[in-house]
2 protein chains.
Amino acid sequence: MDIGLIGFGGVGQAFVKLLIEKKKYILKKYNLDLKVKYIVKSDGGIYKANGIDLEEVIEFINKNKSIKEHISWKNDLSIDEIIKNNDIDTLVELTSTNIENGEPGLTHMKRALESGINVVTGNKGPIILKYKELKKIADKNSVKLKVGCTTGGALPSINGGLYDVAGSEIQAIEGILNGTTNYILSKMSMEEVSYEEALSQAQKDGIAEANPSLDVLGYDTASKMVILANVLMGANIKLKDIEVQGITEVKLETIEKARKENKKLKLIGKVQREDNMVKAYVRPIEIKEDHPLYFVDYKNKGVYFKTDILGDISIIGGASGTRNAAASILRDLVLVKSLE
Amino acid sequence: MDIGLIGFGGVGQAFVKLLIEKKKYILKKYNLDLKVKYIVKSDGGIYKANGIDLEEVIEFINKNKSIKEHISWKNDLSIDEIIKNNDIDTLVELTSTNIENGEPGLTHMKRALESGINVVTGNKGPIILKYKELKKIADKNSVKLKVGCTTGGALPSINGGLYDVAGSEIQAIEGILNGTTNYILSKMSMEEVSYEEALSQAQKDGIAEANPSLDVLGYDTASKMVILANVLMGANIKLKDIEVQGITEVKLETIEKARKENKKLKLIGKVQREDNMVKAYVRPIEIKEDHPLYFVDYKNKGVYFKTDILGDISIIGGASGTRNAAASILRDLVLVKSLE
């Protein structure tokens, strides 16, 4: 498999490191030879027609040297040159998420798919905004668009819906898909601290970002629900179609009252079919022990599929971090080419 | 997809009923037209070159009429004729499990795979005994051998290992894979009854069989662990390589003591890599709340994968019954042909 990598931030770098580590394993287990020909950033990139020496690139990173000093660096390298050269079969798109207009990822993906190149991505923006359109281009060109990394990283939420419940009809999907908010709610419940204190602790522990608003207001979860609904339930909803309530107003008293009744307050994203429509919401909900996601605590994530003929199936876990997000990109690469 | 169905017991009949119900959905969602050309039993079968009218067959069943009275019934119909006619691409093998020599399923599968016909099966016997050999024949002939139904029916335990953790290395698999024993242990714990009473209740409720020995002695779980190890971890173990202990000796006192310590006794099947070997056991084990399968109670099932780069992923649920087992056959049919 000849790969172009576009976007070289945290996950992109972790992906290159992972490839070095797992190349032999993937070749042996899947008979799949992963070769990276391009590593492209916003201001240029590296190209090697017979495959970049990834260990050399990581040496630059480890020594805090800019990869602009790499001998194969070219200032004008971009998606245009990748398309023109016509020598990759798969684009790994890992530029930063832009939920306003999806750019530059959206253009990268469109151009690749139109040129008969598979796309594997962890970039939520274009997928939230334009999945249907991109999928149509992919189908028309008989290539794959794999987005497993966009809805919980290592948690196989997209896979679950594509493969684990294949043949059945998904009636509803529920998820605890945001580790930061789940961590805060778990901490409030287990350690009896206020929202503000739990958030501040989560920030100190490196779990919540300095500006946590996308997480705590529920929009990260909502974005993932849009993607799950559109990819797995044939919907075509947008972020604005989802009723979103975050956890910023959650009071410790509410959580303590719930706990006394053996309930837990969780930030649940749910999408379900109602009268031929697909409806979705994100809000804090009290769930009981019989709920399949009741025991998804702290940074853990989970997703739950309600189906017509296979029953209810829940998938829980998957480590979080850039290495594990990179592992979910690797998973999708394997699934593009080699399926049992 | 042109299908030959061989074996027409509980799951076979449920499969035919399910096809009638889901044919349009599968055609629309996966662009997959499922046509059954053969329904073969041990003493003959039905063949229609342009597809059997399944509703008519189910009418025979519903009216308690033997399908031998069907106009297309032939006494000499067998795998030989299916192979000779060379007009199916997929064999659904659902004859009874025989764990002594795998027959007649083993021969059916071999002949189909050798003739370039995909095999989808819920028949554990040949898969426990000869998976490696059958898989080699499948690979050689560029066809698929799908066995998802053999290790927990609707629970996607095989899928989990093939797709959800693709690209990662599975270090260990643990499962609660037998609904009957889990039901008995849950009942003992929640209702404080002895093993004998819980078993007798389970038999009355139609959950345990009149002769429950394969379940309660742990061999059903052990069979599933053999299959998971061989299909997902590249092992080549046999039933005799597994240390098996069932639940017949479990005392109520043990369970009550465990409960007081917030533990639960579960019949766990585990397979793990140890020094380049794959080792497996089945035995009742006390697990704590932090174990991913702690909340798998009563008839529920679950499986848990420990991986190197995706973390720990558990899959829980899937309804049990012939209809749901048939749904897992349908899932594998979809996965044979149509993969995103």
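Roughly how crowded by other chains is peptide A:316-327, in terms of the mean Cβ count from those chains within 10 Å of each of its Cβ atoms?
5
Divide, for the stretch A:167-316, the radius of gyration over alpha carbons by 2.2 N^0.38 Å, where N is the residue count. If you can, show how the numbers build up before the last one.
Details: Rg = 15.3 Å, N = 150, 2.2 N^0.38 = 14.8 Å.
Normalised by 2.2 N^0.38 Å, the Cα Rg of the stretch A:167-316 equals 1.04.
If you take every DSSP beta bridge whose two residues both sit in chain A, what share of them, in percent to the nearest 5, is antiparallel?
The antiparallel proportion sits near 65 percent.
Give me the net charge for the shell around B:ALA258: Cβ to Cβ below 13 angstrom, other residues only, Lys and Arg +1, Asp and Glu -1. Spell out each step's value before the answer.
Numbers: positive: B:LYS251, B:LYS257, B:ARG259, B:LYS260, B:LYS263, B:LYS264, B:LYS266, B:LYS288; negative: B:GLU192, B:GLU253, B:GLU256, B:GLU261, B:GLU286, B:GLU289.
Neighbour charge sum, excluding B:ALA258 itself: +2.
Sort the protein assembly as shown into rounded, prolate or oblate with this rule: let a ≥ b ≥ c be the square roots of the eigenvalues of the Cα gyration tensor; rounded if a/c is under 1.5, and if a/c is not under 1.5, prolate when a/b is larger than b/c, oblate otherwise.
Cα axes put the protein assembly as shown in the oblate bin.
Which FRET efficiency, nearest 0.05, do A:ASN85 and A:GLU249 yield, Cβ-Cβ r, R0 56 Å? Numbers along the way, then the final one.
Details: r = 53 Å, r/R0 = 0.94.
Using R0 = 56 Å, I get an efficiency of 0.60.
Determine the distance separating the Cα centre of the stretch B:219-250 from the Cα centre of the stretch B:91-135; give it in Å without decimals.
One Cα centre to the other: 18 Å.
Given the pairs A:LYS22/A:LYS187; B:LYS41/B:LYS124; B:LYS260/B:LYS301, which span a C-alpha to C-alpha distance of over 26 angstrom in this model?
Over 26 Å apart, Cα to Cα: A:LYS22/A:LYS187.
So which GluC sites (Glu not before Pro) in the stretch B:10-107 pass both tests, a DSSP loop state and at most 15 other Cβ atoms within 10 Å of the Cβ?
Of the GluC sites (Glu not before Pro), the ones in loops of the stretch B:10-107 whose Cβ has at most 15 other Cβ atoms within 10 Å are B:GLU100.
In the stretch A:142-179, which residues give up 50 Å² or more of accessible area once the other protein chains are added, compared with their chain alone (1.4 Å probe)?
Listed by number, the residues meeting the 50 Å² cut-off are A:TYR163, A:ASP164, A:ALA166, A:GLY167.
Once you have the Cα-Cα distance between B:ILE99 and B:LYS240, take 0.36 nm times their residue separation minus that, and quote the gain in nm to one decimal.
So the chain would gain 49.6 nm between B:ILE99 and B:LYS240.
When a/c is below 1.5 the answer is rounded, else prolate if a/b is larger than b/c, else oblate, so apply that to chain A with a ≥ b ≥ c taken from the square roots of the Cα gyration tensor eigenvalues.
prolate
Taking θ = phi - 60°, what integer Hz values does the Karplus form 6.51 cos²θ - 1.76 cosθ + 1.60 yield along the stretch A:324-332, in sequence order, with x for Gly and Pro?
6, 5, 4, 5, 6, 5, 4, 4, 5
With springs connecting C-alpha atoms under 10 Å apart, model chain A as a Gaussian network and identify which of A:THR254, A:THR90, A:THR150 has the largest mean-square fluctuation.
Evaluated over chain A, the most mobile residue of the options is A:THR254.
Just to confirm my numbers, what's the Cα centroid distance between the stretch A:264-340 and the stretch A:3-74 in Å?
After rounding, the separation between the Cα centres reads 31 Å.
Of the GluC sites (Glu not before Pro) in the stretch B:178-225, which ones lie in a loop per DSSP and count no more than 13 other C-beta atoms within 10 Å?
Passing sites in the stretch B:178-225 are B:GLU192, B:GLU209.
Whole-Hz ³J(HN,Hα) for each residue in the stretch A:188-200, computed from phi via Karplus 6.51 cos²θ - 1.76 cosθ + 1.60 with θ = phi - 60°, x for glycine and proline: what do you get?
3J(HN,Hα) across the stretch A:188-200, in whole Hz: 4, 6, 7, 10, 6, 10, 6, 4, 4, 5, 4, 5, 4.
Per residue, how much accessible area does chain B show when a 1.4 Å probe rolls over the protein heavy atoms, in square angstrom?
Details: 13960 Å² over 340 residues.
The answer is 41 Å² per residue.
What relative contact order, as a whole-number percentage, does chain A give when Cα pairs under 8 Å and 6 or more residues apart are counted? Spell out each step's value before the answer.
Details: 666 pairs, mean separation 62.7, N = 340.
18 percent.
Which value, in square angstrom to the nearest 100, describes the accessible area buried between chains A and B on both sides, using a 1.4 angstrom probe?
3600
Can you give the mean number of other chain Cβ atoms that lie within 10 Å of the Cβ atoms in peptide A:294-300?
Averaged over the peptide's residues, the number is 2.
Would you list, by chain and number, the aspartates and glutamates whose Cα falls below 12 Å from the Cα of A:LYS299, excluding same-chain residues fewer than 8 positions away?
Leaving aside aspartates and glutamates fewer than 8 places away in the same chain, those within reach of A:LYS299 are A:ASP205.
Given a 1.4 Å probe and every protein chain left where it sits, what share in percent of the accessible area of the protein assembly as shown is carbon and sulfur?
Details: 12550 of 27900 Å².
Carbon plus sulfur share of accessible area: 45 percent.
Antiparallel versus total DSSP beta bridges in the protein assembly as shown: what percent is that, nearest 5?
Working: 69 of 103 bridges.
If I count the DSSP bridges inside the protein assembly as shown, around 65 percent turn out antiparallel.
Give the aspartates and glutamates whose C-alpha is closer than 14 Å to that of A:LYS263, dropping any in the same chain fewer than 8 places away, or say none.
Once the sequence-local aspartates and glutamates are set aside, what remains near A:LYS263 is A:GLU253, A:GLU286, A:GLU289, A:ASP290, A:ASP297.
Counting other Cβ atoms within 10 Å of each Cβ, which GluC sites (Glu not before Pro) in the stretch A:242-288 have at most 10 and sit in a DSSP loop?
The qualifying sites are A:GLU249, A:GLU261.
The values are calculated or read from the model by the stated rules, or taken from the named source; none is laboratory data. It should be emphasised that the depicted structure is a prediction, and the values quoted were computed from it without experimental measurement. So basically every Cβ, Gly included, is an ideal-geometry build from the backbone, and we count neighbours across all protein chains shown. Each accessible area value is taken on the protein alone, full model and side chains, heavy atoms only, with ligands, DNA and RNA left out. Shrake-Rupley method; radii C 1.70, N 1.55, O 1.52, S 1.80 Å.
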